[in-house]
Amino acid sequence: MPQIGIDLGTTNSLIAVHEEGGPRLLPNALGEVMTPSVVGLADDGETLLVGRAARMRLVRHPGLTAARFKRFMGTGRRLRLGRRSYGATELSAMVLRQLKADAEAALGEPVTEAVISVPAYFNGVQRQATKDAAELAELKVLRLINEPTAAALAVGVQERESESTFAVLDLGGGTFDVSILEMFEGVIEVRASSGDANLGGEDFSERIAADLAGGAGLDWPRRDPAEQEALLAVAEELKRALRPGQPARARLALGGRELEVSMTAERLEEIASGLLARLRRPIDICLNDSGTEVEDVDRVILVGGATRMPMMQHLASRIFRQLPDRSTDPDHAIALGAAVQAGLAARDAALDDLVMTDVAPFSMGIASASMMNGRYFTNRFSPILERNTILPASRSQVFSTIQDNQRLIEVKIYQGESAIASENILLGELEVDVPPAPAGMQSIEVRFTYDVSGLLAVDVTILATGRRIGNVIDNLASAMSRPRRPRD
Ligand code: AMP
């Protein structure tokens with residue numbers, strides 16, 4: 001049975017399969033390899049539409065259409081579709097179900113297993129939501145693969161003999177990832193990953209749309225959904241048409257008026273300067289974490305549709321002091337790489353000489369309490385797995401009581417880089433009962449296990465009794481916090 005690779009994107013999704021000759025993209029029922037990640041209902045309010053048919057209705061029927069929901073994966077946010085509302089996991093499941101059906105039609109066989117790509121900077125909650133979506137679509141996830149790693153695999157599979165260090169910058173519709181990788185003798189090793197899970201091409205479109213609205217004397221956030229979608233559609237058109245030194249023009253029908261609007265590359269740089277600044281930070285962190293000097297980077301690979309913006313190419317050239325490699329199709333690389341990973345999972349003999357290792361882009365740990373000079377400090381973050389740890393990994397730490405006859409040890413699990421626990425993302429919490437004893441005499445062991453998909457499992461053992469509490473995070477799904485949206 002074929003195993004497929006899926007790029008489940010914010011804007012578009014793609015499927016690929018690994019065959020003897022290498023990875024190959026599979027077309028959908030319309031013969032296209034890119035399926036818009038859009039779900040909608042037809043006018044009868046019942047018939048489900050997925051892909052292009054749904055996207056075509058986005059501007060005229062925003063109340064019956066849902067798009068860009070990948071941004072809400074792992075959050076409680078619900079989107080209205082006709083009379084019902086759906087979470088991002090359910091909407092993603094509808095896209096996945098369609099992709100599965102398209103793959104089955106293209107291959108003439110049932111498809112039940114897949115490797116699905118996720119942004120490297122997706123946190124544990126978002127990864128689990130992606131896995132849940134696949135399960136709803138009756139697809140078993142062989143592995144979640146980080147998007148830049150998938151892109152690197154697509155390149156690496158063709159150049160197994162070479163030895164090089166490369167940077168992958170992946171700016172999709174809703175997320176930005178950076179990875180620095182090393183390749184030697186068929187081994188592809190991710191050295192470090194960083195990113196921003198809330199920064200993508202759609203943010204640039206929003207800035208353009210808000211600017212157009214402002215230029216027309218309209219207030220962007222207060223436009224109704226249909227007008228916002230109309231503005232976004234024109235913003236998207238302008239963004240794609242922009243060339244340095246050449247204004248892009250379009251017609252915009254809004255509030256009964258027909259307007260001629262334009263955008264220049266210079267104006268976009270101005271209104272999106274905050275976004276550009278946010279793109280720089282993860283690149284710097286990734287270079288620093290991997291201990292790589294800019295001069296050591298042999299190639300810069302750009303993936304994700306939004307890296308087609310000239311502004312993004314300039315940024316990459318400026319930072320890495322070289323022109324980015326344009327031999328890889330930015331839209332296709334991730335799905336092709338996910339298919340290579342599916343081939344590796346299936347132990348495809350053609351891939352025998354290829355090995356890939358990836359890292360966790362975040363630190364994971366717990367909030368610990370300590371007593372210093374007679375005062376308690378309870379909000380200190382103690383990482384158990386540091387960021388850029390090679391996956392899979394399992395590590396534990398022992399925590400002890402700090403008061404005489406303390407009956408409870410509170411375990412709060414966080415992900416992030418701040419030394420102050422509450423500034424990180426809370427993944428789960430529980431209180432562990434311990435027998436009374438003098439301070440420091442009761443201890444628990446907290447074990448963090450990270451699988452190859454970047455999913456975290458936490459186990460707690462009370463050392464005095466040997467009692468083990470497993471799957472702490474699963475048990476505490478309801479305690480999971482929403483990923484925060486950073487401000488630029
Ligand atoms: P992806 O999630 O990789 O499909 O990326 C889609 C994003 O790429 C969307 O935000 C698109 O607006 C953007 N995009 C696609 N083509 C272009 C282009 N030619 N110029 C600028 N942005 C583009």
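Values computed for the structure shown
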| read-out | value |
| --- | --- |
| Beta bridges per DSSP with both ends in the chain, % antiparallel, nearest 5 | 80 |
| GluC sites (Glu not before Pro) restricted to DSSP loop in region 6-47 with at most 10 other C-beta within 10 Å | GLU20, GLU46 |
| Per-residue ³J(HN,Hα) for region 95-103, Karplus 6.51 cos²θ - 1.76 cosθ + 1.60, θ = phi - 60°, Hz, x for Gly and Pro | 5, 4, 4, 5, 5, 4, 5, 5, 5 |
| Which of PRO27, ALA316, ALA235, positive extreme of dipole for the chain (C-beta unit charges) | ALA235 |
| Filtered trypsin sites (Lys or Arg not before Pro), region 287-380: DSSP coil and at most 14 other beta carbons within 10 Å | ARG321, ARG326, ARG347 |
| Per residue solvent-accessible surface (Å²) - region 201-273, probe of 1.4 Å | 51 |
| Under 5 Å, built H, 5+ apart or other chain: amide partners of ARG191 | ILE180, LEU181, GLU182 |
| Fully extended contour minus Cα-Cα distance, from GLU109 to ARG83, at 0.36 nm per residue | 5.8 nm |
| The chain - percent of accessible surface contributed by carbon and sulfur, probe 1.4 Å | 48 |
| Distance from region 84-139 to region 274-338 (C-alpha centre basis), Å | 27 |
| Computed E for ILE420/GLU135 - FRET, C-beta separation, R0 41 angstrom, nearest 0.05 | 0.70 |
| Acute angle (nearest 10 degrees) that the helix 147-156 long axis makes with the longest principal axis of the chain, alpha-carbon atoms | 70 |
| Estimated dipole of the chain in Debye, rounded to 20 [Cβ of Lys and Arg +1, of Asp and Glu -1, Cα centre] | 1680 |
| Estimated FRET transfer efficiency (GLU258, ASP43; beta-carbon r; R0 30 Å; 0.05) | 0.70 |
| Loop-resident sites, region 1-90, for trypsin sites (Lys or Arg not before Pro), counting at most 16 other Cβ within 10 Å (DSSP) | ARG60, ARG77, ARG83 |
| Surface/4 of the Cα convex hull for the chain, nm² | 25.9 |
| Calculated from backbone phi, Karplus (6.51, -1.76, 1.60) coupling profile of region 197-209 in Hz, x at Gly/Pro | 6, 10, 9, x, x, 5, 5, 5, 4, 5, 4, 5, 4 |
| Close Lys-Lys pairs in the chain, where close means Cα under 26 Å and separation is 8 or more or interchain | 8 |
| Separation of the GLU386 and ILE469 label points, Cα + 7 Å toward Cβ, nm | 2.9 |
| Cα-derived Rg to Rh of region 364-474, Kirkwood definition | 0.97 |
| In Å², nearest 10: area of LEU49 left accessible to a 1.4 Å probe | 40 |
| Two-decimal Rg to Rh for region 201-273 - Kirkwood Rh, Cα set | 0.93 |
| FRET efficiency, 1/(1 + (r/R0)^6) with R0 45 Å, evaluated for SER164 and ASN373 via beta carbons | 0.30 |
| Quarter of the Cα convex hull surface for region 317-403, i.e. its orientation-mean projected area (nm²) | 11.1 |
| The chain: angle of helix 310-320 to the longest principal axis, Cα-based, in degrees nearest 10 | 40 |
| Burial order of peptide ranges 166-178, 86-98, 272-284 (average beta-carbon count within 10 Å, highest first) | 166-178, 86-98, 272-284 |
| C-alpha long axis of helix 333-345 to longest principal axis of the chain, angle in ° | 40 |
| Rh (Kirkwood; distinct C-alpha pairs) - region 418-468, Å | 13.2 |
| Where region 133-198 is the region considered: accessible area per residue in Å², 1.4 Å probe | 28 |
| HIS61 accessible area, assembled protein chains, probe 1.4 Å, Å² | 60 |
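The values are calculated or read from the model by the stated rules, or taken from the named source; none is laboratory data. Worth saying up front: this structure is predicted, and the values here are computed from it rather than measured. For neighbour counting, all protein chains shown are included, and Cβ atoms are generated from backbone atoms with ideal geometry for every residue, glycine included. When the accessible area is computed, the model is the full protein with side chains, heavy atoms only, and any ligands, DNA or RNA have been set aside. Shrake-Rupley method; radii C 1.70, N 1.55, O 1.52, S 1.80 Å.
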